[in-house]
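Chemist: Have a look at this one.
The values are calculated or read from the model by the stated rules, or taken from the named source; none is laboratory data. Computed from a predicted structure; not experimentally measured. Positions of Cβ are backbone-derived with ideal geometry, glycine not excepted, and every protein chain shown enters the neighbour counts.
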Amino acid sequence: MVQNGRISCSASSPVPPGPPLTGDADCNGRVDSRDALLVLQFEAALLDSLPCPDLADVNDDGSINSVDAGLIKQIDAGLV
């Protein structure tokens, strides 16, 4: 949901069962371009936090940034 220029997630969205997926920044059970977008918005300080920051740090370097967004896009495209 977008409210006052901020994106928020509601608990009403069911999360599919299964192991956590690296790159799933929004915790919806899928890794797709929306996750990359959230990472970029977070890096630009347009978002205060991410639903799954531990999964957003794809390269596990302790920082969530455009490198992670690029990796998420590669995961989504089936390249990695």
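Chemist: Counting only residues that are surrounded by 16 or more Cβ atoms within 10 Å (Cβ to Cβ) and more than 15 Å from residue 22 (Cβ to Cβ), which one in segment 35-46 is nearest to the chain's Cα centre (by Cα)?
Modeler: Result: 37.
A quick yes/no check of all residues on (1) surrounded by fewer than 12 Cβ atoms within 10 Å (Cβ to Cβ); (2) modelled with pLDDT under 80:
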position	(1), (2)
5	yes, yes
9	no, yes
15	no, yes
30	no, no
33	no, no
48	yes, no
51	no, no
65	no, no
70	no, no
